[in-house]
Amino acid sequence: DTGVSQDPRHKITKRGQNVTFRCDPISEHNRLYWYRQTLGQGPEFLTYFQNEAQLEKSRLLSDRFSAERPKGSFSTLEIQRTEQGDSAMYLCASSPDPKGNQQFFGPGTRLTVL
Amino acid sequence: AQSVTQLDSHVSVSEGTPVLLRCNYSSSYSPSLFWYVQHPNKGLQLLLKYTSAATLVKGINGFEAEFKKSETSFHLTKPSAHMSDAAEYFCVVSDQGGGFKTIFGAGTRLFVKA
């Protein structure tokens, strides 16, 4: 399978715990994006990487959130001290270059914070 | 800054009748525009994209959209709805002013009645 993969697909955690999600983009795609989608809403941009460089972070991304893409391939999104409001679907997407190209989305990681 | 407005949160049509999902955008630059579809429990799939070539764009599954700069619109249409078209549809804008990050509309839920 050469699509975007995300792991885990589902995560249930207790409030206050830390969680980490992984995204493996399509090979050789240099752009990688993270989004959050809550029920009944469109995906909201969180951050994106050009290779290993994190170029932009949304104001939605509080200091409890951190994302990395250390070698310009896979990426991780960590949420520290989770809150119930963090419950959402976290989507990852990749694209080969920025201008005019579609993003290829992974299946998402559904986070439930109890 | 770019933005996108989907004018209808829900659209209901009968099978075999035309579909119209409306989208207006705002962009200070020449935008790229996309329509994505999301079926329940499935990932986002690209339907079509506009990237400053032909203003009438044809996509998969018989969908098409027309870019109208004067009206800042990018409405999605299909001549004849099929039951399998029932899903959530997202209009998306991306431009160089936003570093090519993508902004999703809130989505339009399409219902298809037999």
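Quick notes on this structure:
- Inter-residue pairs, beta-carbon under 8 Å, first within 13 Å of residue A:22 (Cβ to Cβ) and in region A:101-114, second among the small types (Gly, Ala, Ser) and surrounded by 21 or more Cβ atoms within 10 Å (Cβ to Cβ), 6+ apart: A:106/A:93
- Of everything in region A:1-21 that is farther than 13 Å from residue A:104 by Cβ and of a type in the set (A, V, I, L, M, F, W, C), the residue that is nearest to the other protein chains (Cβ to nearest Cβ) is A:21.
- Remark: residue B:95 matches the filter, which requires a residue to be closer than 25 Å to residue A:56 by Cβ and either within 14 Å of another protein chain (Cβ to nearest Cβ) or among the basic types (Lys, Arg) (or both).
Here's the yes/no breakdown for (1) farther than 20 Å from residue B:88 by Cβ; (2) at pLDDT 90 or above; (3) out of contact with any Ser or Thr (no Cβ under 6 Å at 6 or more places or on another chain):
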site: B:17; (1), (2), (3): no, yes, yes
site: B:21; (1), (2), (3): no, yes, no
site: B:25; (1), (2), (3): no, yes, no
site: B:38; (1), (2), (3): no, yes, yes
site: B:42; (1), (2), (3): no, no, yes
site: B:53; (1), (2), (3): yes, no, yes
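- Members of region A:52-75 that are more than 12 Å from the chain's Cα centre (by Cα) and either away from chain B (no Cβ under 14 Å) or within 14 Å of residue A:95 (Cβ to Cβ) (or both): A:52, A:55, A:62, A:63, A:64, A:70, A:71, A:72, A:73
- Of everything in region B:45-100 that is among the hydroxyl-bearing types (Ser, Thr, Tyr) and farther than 13 Å from residue B:35 by Cα, the residue that is surrounded by the most Cβ atoms within 10 Å (Cβ to Cβ) is B:72.
- The conditions of being part of a strand (DSSP E or B), within 14 Å of chain B (Cβ to nearest Cβ), within 13 Å of the chain's Cα centre (by Cα) and in contact (Cβ under 8 Å) with a residue 24 or more places away in the chain are met by residue A:49.
- Within region B:8-44, tally of residues that are touching a residue at least 40 places away in the same chain (Cβ under 8 Å) and outside any strand (DSSP E or B): 14
- Evaluating residue B:41 against the criteria (1) under 26 Å from residue A:23 (Cβ atoms); (2) of a type outside the set (Asp, Glu); (3) in contact with a strand residue (DSSP E or B) (Cβ under 9 Å, 6 or more places away or on another chain); (4) surrounded by fewer than 19 Cβ atoms within 10 Å (Cβ to Cβ) leaves one unmet condition, (3).
- Selection of strands (runs of 3 or more DSSP E) fully inside region A:64-104 by the criterion of at least 3 residues being surrounded by 18 or more Cβ atoms within 10 Å (Cβ to Cβ) and of a type outside the set (Lys, Arg) returns A:75-79, A:88-95.
- Candidates B:110, B:47: the one that is over 19 Å from residue B:2 (Cα atoms), away from every other protein chain (no Cβ under 11 Å) and part of a strand (DSSP E or B) is B:110.
- Scanning region A:22-45 for residues that are more than 10 Å from chain B (Cβ to nearest Cβ) and surrounded by 21 or more Cβ atoms within 10 Å (Cβ to Cβ) gives A:23, A:25, A:32, A:34, A:36.
- Hits in region B:50-59 - residues which are within 12 Å of the chain's Cα centre (by Cα) and assigned to a loop (DSSP other than H, G, I, E, B): B:59
- In the set (1) closer than 15 Å to residue B:88 by Cβ; (2) within 14 Å of chain A (Cβ to nearest Cβ), the condition left unmet by residue B:63 is number (2).
The values are calculated or read from the model by the stated rules, or taken from the named source; none is laboratory data. Just so it is clear, the model here is predicted, and its values are computed rather than measured. Methodologically, a virtual Cβ is constructed for each residue, glycine included, from the backbone with ideal geometry; neighbour enumeration extends over all protein chains shown.
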